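Below: the structure, in structure tokens.
The values are calculated or read from the model by the stated rules, or taken from the named source; none is laboratory data. Bear in mind that the values here come from a model prediction, so they are computed numbers and not experimental data. Here Cβ is always computed from backbone atoms with ideal geometry, including for glycine, and neighbour counts include all displayed protein chains.
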Amino acid sequence: MRTSRDRWVATGLDLLAADGPDAVRIEVLAQRLGVTRGGFYRQFGGRRELVEAMLDTWERRSIDDVRTRVEAEGGDAARKARRAGMLTFSPELLPLDLAVREWARRDPGVAERLRRVDNRRMDYLRELISTTSDDADDVEARALLAFSLVIGNHLIAADHPAGGRSRALRNATRLILG
């Protein structure tokens, strides 16, 4: 039985999240899947094609799937923005997002993909926030602050006094989104 393209991509994403882009090698993937390298070449023309499929999957999961779920759950703009942030940077997606961000520092093609994904995320935040504000500068500032908060939260190692980080995040979100 052939190993599906989706299994190769999923295994590549797991390796990327755990060990970084240098770990995403055909031999390693084949070993993880318990198949030969030949199976890879029946699904992909080379590593670059696999990488594109991985980035396509990451983009779909972190943008399209999140937005579909948020919109289906409904609520006001602030609730949707909070929920989108929670889903986007969930324990399942966060390691992958952080790995892509690190990878983008060294690979211009990945950096361009990250820019596109972040632009789509910002566009969604702008759309949500603009339902509560007509001031374009206010919308842009609040969208930037909200996005910076969810990304920065995972990069800042500071301790927080009484109430801890989760309380500080709730309060910051309330200040930004209302």
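Observations on the structure shown:
- Residue in segment 87-113 that is nearest to M54 (Cα to Cα), counting only those that are among the small types (G, A, S) and within 10 Å of the chain's Cα centre (by Cα): A99
- When residues of segment 146-163 are limited to those that are in a helix (DSSP H, G or I) and more than 16 Å from R79 (Cα to Cα), the one modelled with the highest pLDDT: S148
- Of everything in segment 1-34 that is touching a residue at least 40 places away in the same chain (Cβ under 8 Å) and buried (at least 16 other Cβ atoms within 10 Å of the Cβ), the residue that is farthest from E92 (Cα to Cα) is T3.
- The one condition in (1) surrounded by 12 or more Cβ atoms within 10 Å (Cβ to Cβ); (2) part of a helix (DSSP H, G or I) that S166 fails to fulfil: (1)
- Residue match in segment 75-86 (condition: surrounded by fewer than 18 Cβ atoms within 10 Å (Cβ to Cβ) and under 13 Å from the mean Cα position of the chain (by Cα)): yes
- Answer residue from segment 99-131, given it is surrounded by 15 or more Cβ atoms within 10 Å (Cβ to Cβ) and hydroxyl-bearing (S, T, Y) and is nearest to T57 (Cα to Cα) among those: Y124
- Residue count for segment 4-24, restricted to those that are more than 17 Å from R106 (Cα to Cα) and either in contact with a Phe, Trp or Tyr (Cβ under 8 Å, 6 or more places away or on another chain) or modelled with pLDDT of 95 or more (or both): 12
- Cross-chain or 6+ apart pairs with Cβ under 7 Å, segment 64-88 first and at positive phi and of a type in the set (D, E, K, R), then buried (at least 17 other Cβ atoms within 10 Å of the Cβ) and part of a helix (DSSP H, G or I): none
- Test: residue in segment 61-72 that is loosely packed, with under 13 Cβ neighbours inside 10 Å, closer than 24 Å to D107 by Cβ and not small (G, A, S): yes
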